[in-house]
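Here's the structure, in structure tokens; my notes come after.
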Amino acid sequence: MKKPMVQLMCAVAAAMSVGAQAQEASATSLKEALTEADVKLNLRLRYEDVSWDGLEDSDALTLRTRLSFTSADYHGFGLMLEMDDVTALTDVDYRTAGNDASNPGTALIADPEGTEVNQSYLSYQGFGTTFRYGRQRILLDNQRFVGGVGWRQNEQTYDAFSLKNQSIDNVTLFYSYLYNVNRIFGEDNPIGDHKHESHLLNANFGGWDAGSLSAYAYLLDNKTAAALSGDTYGARWMGTLGAAFTYNLEYATQSDAGDNPVSYDADYMLAEAGLMVGPVKLGGGYELLGSDNGIAAFSTPLATLHKFQGWTDRFLTTPVDGVEDFYVSVSGALGGVKLLAAYHDLASDYGSTDYGQELDLSAAKQFGPVTVLVKYADYQADDFGSDTQKFWLQLSSVF
């Protein structure tokens, strides 16, 4: 027998041995897989107050109750079920979406009441790959392009097929086909679901002391809102210099796709850095969502948008003139309290519009199983929008 064939047979035998060990470690029956499941209860109580010039002030007190069920492994197969309930503990006298006509003229708080399936998928792990089919959470890189909008009480999840392969050391390959996006506005709202025929591809290469590289292609064909269809190709480098200095560099290009009625090309750029000075982290950066001569701008419709360009969420939809965001931040801990302050200076890419400035502040502390979070955001408008202030007090716990 030739030597390569011997090596192949040895490799197959080793793989079978590993597979047998994995099966021994998994549940021995479907009943055991279900009875040995991991069950979690998550409670998140939040008070939000919004003051928006030109609109009536709004405030809301909502409780999100999340029950999660993750089965034990059975020969590589698994089941995940997760239910969310969002209940308003005071009168809903505010708009919960832009198309909400029930309380006209009020500031928007996008936490609608409702009970729905947040996640529900079958999974299989084998060949160094995790396969999932059904409603699932998808978070890629820093969620600038694909995320879960986890800040809102009703999370954004995806009806999709996905696979994640990690069979090569320090390499993660991800692919997903999306056929529906369950948006934060809830299944009872006409804009709560967007039908898709979209593809997400992301490859991460790590193992270097200097950092890691992600390359991606997000090919969005939105059948519900064609104007949100676009093809995005890009790369992200997450680097380190020593133990104290980190930096991120990213570039992407986007063009119209599917039935998008507007033909455009736009660029995305990011350069940011962080420096640890004792227990304090200093940060700063520049982010560009470019414009195609004021015709259309780079968009990120699947992003966790609350993380970017200020917490008042004034730039959830990129203006057609694009956005330039210069920002600085300082964070650290004092007496067990995590503190963060960030400042954004926002302007257009096309033309010379000064959008305004925003200050964001937060403090968080753990008290046993409960995390208390206080946040405040203040957007001061110049030539775009109107002054907006938001305040949050949140208590959350997982059991």
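What follows draws every value from the coordinates through simple rules; no lab data is involved. It should be emphasised that the depicted structure is a prediction, and the values quoted were computed from it without experimental measurement. Positions of Cβ are backbone-derived with ideal geometry, glycine not excepted, and every protein chain shown enters the neighbour counts.
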Lysine pairs, Cα distance under 14 Å, 8 or more residues apart or cross-chain: how many in the chain? 7
So, by mean Cβ neighbours within 10 angstrom, what's the order for 150-158, 92-100 with the highest one leading? 150-158, 92-100
Label-point gap, in nm, between TRP237 and TYR343 - each point 7 angstrom along Cα→Cβ: 3.0 nm
Please compute the contact order of region 202-273 in relative form: average sequence separation of alpha-carbon pairs under 8 Å and at least six residues apart, divided by the residue count, as a percent. 26 percent
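Helix-only mean residue ellipticity at 222 nm, the chain, DSSP H runs n ≥ 4 weighted -39,500 (n - 2.57), per residue, nearest 500. What is it?
-2500 deg cm²/dmol
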So, how do all the Cα-to-Cα distances of region 306-388 break down into 5 Å bins, in percent, from 0 on up? 3, 14, 23, 20, 14, 10, 7, 5, 2, 1, 0
Estimated translational D of the chain in µm²/s (Stokes, Kirkwood radius over Cα pairs; 10 °C; 1.306 mPa s): 68 µm²/s
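Between ASP38 and PHE367, 0.36 nm times their residue separation minus their Cα-Cα distance comes to what?
116.0 nm
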Expressed in nanometres to one decimal, the distance between label points 7 Å along Cα→Cβ at THR115 and VAL320 is 4.5 nm
Label PHE127 and TYR247 with points 7 Å out from Cα along Cα→Cβ: what is the distance between them in nm? 4.1 nm
